Amino acid sequence: MNDFSLKCVLFDLDGTLVDTAPDLIACLNQALVQHGFAQVTNQQVQPLISFGAMKMIQHSSAATAIASHEAILETMLALYENNIVQHGGFFTGMADTLQFIENQGLKWGVITNKHERFTHPLMRALNLTDRVACMISGDTTAHSKPHPEPMQEGCRQAQVTPEQCVFIGDALHDITAGKKVGMKTLAAVYGYLTAQDRPEQWGADALVASPAHITAWLERALCY
């Protein structure tokens with residue numbers, strides 16, 4: 001990291017910065033029941049959160065009821081929009097990591113595939129909107145991760161270059177997007193990984209098992 005001058009720390013949202021699984025799964029289960037299907041367990045659908053609500057529905061008790069998927073999705077998203085942070089919140093230690101970042105005079109921001117309809121109220125509920133240098137959602141740009149466009153727009157908003165950034169995410173498309181533009185990347189293995197995921201094969205600069213590990217990596221990066 002001798003040639004790395006860190007200026008900005010960028011996070012994926014679901015499964016990296018915030019533990020949104022409790023709220024998403026609660027809303028999915030309410031929607032399933034309303035449409036006549038059985039509830040699911042966390043283990044069934046949590047690993048699919050990074051791939052969107054429809055993917056969760058497709059692996060739920062309504063998996064074979066394809067004609068009902070759109071109606072379930074509409075109900076689930078309406079419930080989620082009105083119950084954005086009822087059960088979830090920061091991963092343990094993440095508030096300390098953000099404070100460390102700010103204490104070092106670094107910028108930080110969010111680049112997520114979550115749509116603005118949900119990103120903005122979630123960030124407001126956590127009192128983060130005024131703290132970020134950029135906030136890029138899945139529909140902010142024409143393409144979402146793993147396309148490089150969201151990463152480029154995040155850098156533009158934060159007024160940094162990709163080479164001055166580290167991007168942290170819990171899915172292959174996060175690491176792929178960061179690498180495409182020349183960012184350092186950290187794979188958050190505490191996030192919503194599937195049984196088939198092999199984060200050690202994603203090509204990230206490091207694997208981090210907790211927000212405390214993120215802080216430790218940042219400390220080392222700043223010492224070079």
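Bear in mind that the values in this text are calculations on the coordinates, not laboratory data. Keep in mind the model is a prediction, meaning the values are calculated, not measured. Every residue, glycine among them, receives a Cβ derived from its backbone with ideal geometry; neighbour counts consider all protein chains shown.
Observations on the model:
- Amide H within-cut-off set for residue 110, under 5 Å, with H built and near neighbours excluded: 11, 134, 135, 136
- GNM top mover of 20, 75, 112 - the chain, alpha-carbon springs below 10 Å: 75
- Sorting 192-199, 211-218 by their mean Cβ neighbour count within 10 Å, with the most densely packed peptide first, gives 211-218, 192-199.
- Filter on 114/184; 7/114; 55/145; 7/179; 7/145 - keep pairs with C-alpha separation over 20 Å: 114/184; 7/114; 7/145
- The chain: angle of helix 149-158 to the longest principal axis, Cα-based, in degrees nearest 10: 50
- Computed over the stretch 21-82, Kirkwood Rh from alpha-carbon pairs, angstrom: 11.0
- The chain: calculated mean residue ellipticity at 222 nm from DSSP helix runs of at least 4, using -39500 (n - 2.57): -12000 deg cm²/dmol
- For the peptides 35-48, 5-18, the ranking by mean Cβ contacts within 10 Å, running from highest to lowest, is 5-18, 35-48.
- Evaluated over the stretch 120-160, the Cα radius of gyration and Dmax, each in Å: 10.8, 28
- Relative contact order computed over the stretch 86-224 (Cα-Cα under 8 Å; 6+ residues apart), in percent: 19
- Were the residues from residue 207 through residue 120 laid out at 0.36 nm apart, the gain over their Cα-Cα distance would be 28.5 nm.
- Working ranking of peptides 149-160, 99-110, 166-177 by packing, defined as the average number of other Cβ atoms within 10 Å per residue, highest first, is 166-177, 149-160, 99-110.
- The 3J(HN,Hα) values that the Karplus relation (6.51, -1.76, 1.60; θ = phi - 60°) gives for the stretch 132-144 are, in residue order, 8, 8, 7, 8, 10, 9, x, 10, 6, 10, 5, 10, 10 Hz. Gly and Pro appear as x.
- Separation between Cα centres of the stretch 1-74 and the stretch 146-167, rounded to whole Å: 25
- Here the Karplus relation 6.51 cos²θ - 1.76 cosθ + 1.60, evaluated at θ = phi - 60°, turns the backbone of the stretch 166-172 into coupling constants of 10, 10, 10, x, 10, 9, 4 Hz, with x for every Gly and Pro.
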